[in-house]
Amino acid sequence: MRNDAQPGWASFLTGMESDSHNVDANDDMTDIAHPTVLDLAKDTFAMSVAAAVWWDPLITDFFDFWDPTTLDEQFIGNNDDEVTTKAEEWIRDDSYDFVFANLDGCDSAGHSSGFDGYANVYSAAVQKMDERVGRLLDAVLENSALGHEWIIVLSTDHGGEGTSHGGQNTYNRRIPLIVAGNSPRINIGMAPADDPGSHLDVTPTIMHFLSPDSVPSGLDGQVYGFADYTRSEPPQCQPDPFSCSCEAGQADYRGNIAVTKSGKVCQRWDTQTPHSHNRSPSDFPNAGLEENFCRNPDNEGFAWCYTEDPDERWEYCNIPTCPSSVPSPAPSPSPPPTPLAPTLDPDQCSLTVCSCEIRQVDYRGTIAVTKDGLPCQRWDAQSPHSHTRTASNYPDSGLEENYCRNPDGEDGVWCYTTSDVRWQLCDVPNCTPECCVSLAA
């Protein structure tokens, strides 16, 4: 999956990977080699089609270039409000069978202030986006009174990290995919965790809604969210730890990349200069801490390293994600997962002493030291480490005192520390299965 804008949109609108649709960079959208879902809907069902966009290359370099007759009406707005108003008008007036709307405000905010939900500019842009999507949903619901069967598909072309995108990691690659409609064929509820869908699924899903027989063969995506379609098993990552990573946190990586995502040279793990630390080969003997290669010994978000820049203690690295392939029909059973921590006796069954969730988000106990014995910083303090994980930002996460918690989906409960180490995981035991069943009853 390429996560630049034009390759992402090309995959979104064709159901093909970049090596199939031929758009593999941000300057070659006119190289598109497959019709879009708008073309397919018009050619197969003689549907009337309209597109309202803020990002004008979608029309000038994409829709019009492939077939200038596809769009019955097009609108290029100066901002998201203009685009939303036009699309809302088309939907309420029942002007067209197929309406495509491109809202770009979150992308602009991410590039200006960072793709971070707790950056004020980006957070405000997301809230405005939610309002605009709500307006379009209201228009669809009003239109449904005319007796139409309808579908809404919401997704985007890429994620982001810092003020840019394009890296091959979860921050850049993770995107939403939402399918909704009034057809009884559409499943309601969350997708399975191991098969959340992809923007490649947009085109086959829309065509399946129009008619199951109309989905073109050879697409890389699959139909998503329909009860009358059985998805094949999700692709499985093909491990090659010396060149790429299959794990979410990239702890499996054993390659020789030794520069950070911004190009800083990594400090050797067996040295204490320019930065002193306790992530040494002797402390983490199974983490592959060789030379100055990027690694993830302590369950950070991704592989990282201390840098040779005295002013930049550490930074993430850009580690490629290994390619995936469809599993064989009868895969070998996986061994049971190793527990994250030892279980407790049934008479100690309380979320104040143990956890029932894999990432321990439910823990509400009073452990206030990290796994290495470092005292935790209070959540309502900004010293020695400033942060945005406050009780006001995460009101349901139990951020009391300086107790270990997991407000943001890390691999386990954690805390900021009162030492030079910014944060670290805590050692909280898992409840027994019997205890968890009892608590869920």
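Every read-out reported here was derived from the displayed coordinates using simple, explicitly stated rules and does not represent laboratory data. If you're wondering where the values come from, they're calculated on a predicted model, not measured in any experiment. Here Cβ is always computed from backbone atoms with ideal geometry, including for glycine, and neighbour counts include all displayed protein chains.
Which peptide among 351-357, 144-150 comes first, and what is the full order, when sorted by highest mean count of other Cβ atoms within 10 Å?
On the way: 351-357: 18.6, 144-150: 10.4.
Those peptides, ordered most packed to least, come out 351-357, 144-150.
If you take the square roots of the eigenvalues of the alpha-carbon gyration tensor of the range 256-319 and sort them as a ≥ b ≥ c, do you get rounded (a/c under 1.5), prolate (a/b over b/c) or oblate? It would help to have the intermediate numbers written out before the result.
Numbers: a/c = 1.64, a/b = 1.16, b/c = 1.42.
Verdict is oblate for the range 256-319.
About the Cα centre of the chain, how large is the charge dipole given +1 on each Lys and Arg Cβ and -1 on each Asp and Glu Cβ? Please answer in debye to the nearest 20. Working shown, then result.
On the way: 25 positive and 69 negative charges, 242 e Å.
Computed about the Cα centre, the dipole is about 1160 debye.
Taking amide H positions as placed 1.01 Å from N in the peptide plane, with prolines and chain starts having none, which residues 5 or more places from Trp304, or on another chain, fall under 5 Å of its amide H?
For Trp304, the qualifying residues are Arg295, Asn296, Cys317.
Identify all lysines with a Cα-Cα distance to Lys128 below 22 Å; exclude those on the same chain that are fewer than 8 residues away in sequence.
Once the sequence-local lysines are set aside, what remains near Lys128 is Lys86.
Identify the chymotrypsin sites (Phe, Trp or Tyr not before Pro) of the range 213-320 meeting these criteria: DSSP loop state and at most 16 other C-beta atoms within 10 Å of the C-beta. Don't skip to the answer; put the middle values down first.
Working: sites: Tyr224, Phe226, Tyr229, Phe242, Tyr253, Trp269, Phe293, Phe302, Trp304, Tyr306, Trp314, Tyr316; in loops: Tyr224, Tyr229, Phe242, Tyr253, Trp269, Phe293, Phe302.
For chymotrypsin sites (Phe, Trp or Tyr not before Pro) across the range 213-320 that sit outside H, G, I, E and B with at most 16 neighbouring Cβ atoms in 10 Å, the list reads Tyr229, Phe242.
Among 42-54, 100-112, 209-221, 61-73, what's the highest-first ranking by average C-beta atoms within 10 angstrom per residue?
Highest to lowest by the protection proxy: 100-112, 42-54, 61-73, 209-221.
If packing is taken as the average number of other Cβ atoms within 10 Å across a peptide's residues, how do 197-207, 81-91 rank, most packed first?
Values: 197-207: 23.6, 81-91: 20.1.
By packing density, highest mean first, the sequence is 197-207, 81-91.
Hey, what number do you get for the chain at 222 nm if only DSSP H runs of n ≥ 4 count, each worth -39500 (n - 2.57), divided across all residues, to the nearest 500? Walk me through the numbers before you get to the answer.
Details: 9 runs with 90 residues, N = 441.
Result for the chain, helices only: -6000 deg cm²/dmol.
Would you please report the Å³ per residue occupied by the convex hull of the alpha carbon atoms in the range 5-231? Each step should come with its number before you reach the end.
Numbers: hull volume 28.6 nm³, N = 227.
So the per-residue Cα hull volume is 126 Å³.
Computed from the coordinates I sent, Cα Rg over 2.2 N^0.38 Å equals one of [x] 1.10; [y] 1.39; [z] 1.29. Tell me the label.
Recomputing Cα Rg over 2.2 N^0.38 Å here gives the entry labelled [x].
Quick one: work out the % antiparallel among DSSP beta bridges in the range 5-231, nearest 5. Show your work: numbers first, answer last.
Numbers: 7 of 16 bridges.
Just about 45 percent of them are antiparallel.
Counting only DSSP beta bridges with both residues in the chain, what percent are antiparallel, rounded to the nearest 5? Walk me through the numbers before you get to the answer.
Details: 21 of 33 bridges.
If I count the DSSP bridges inside the chain, around 65 percent turn out antiparallel.
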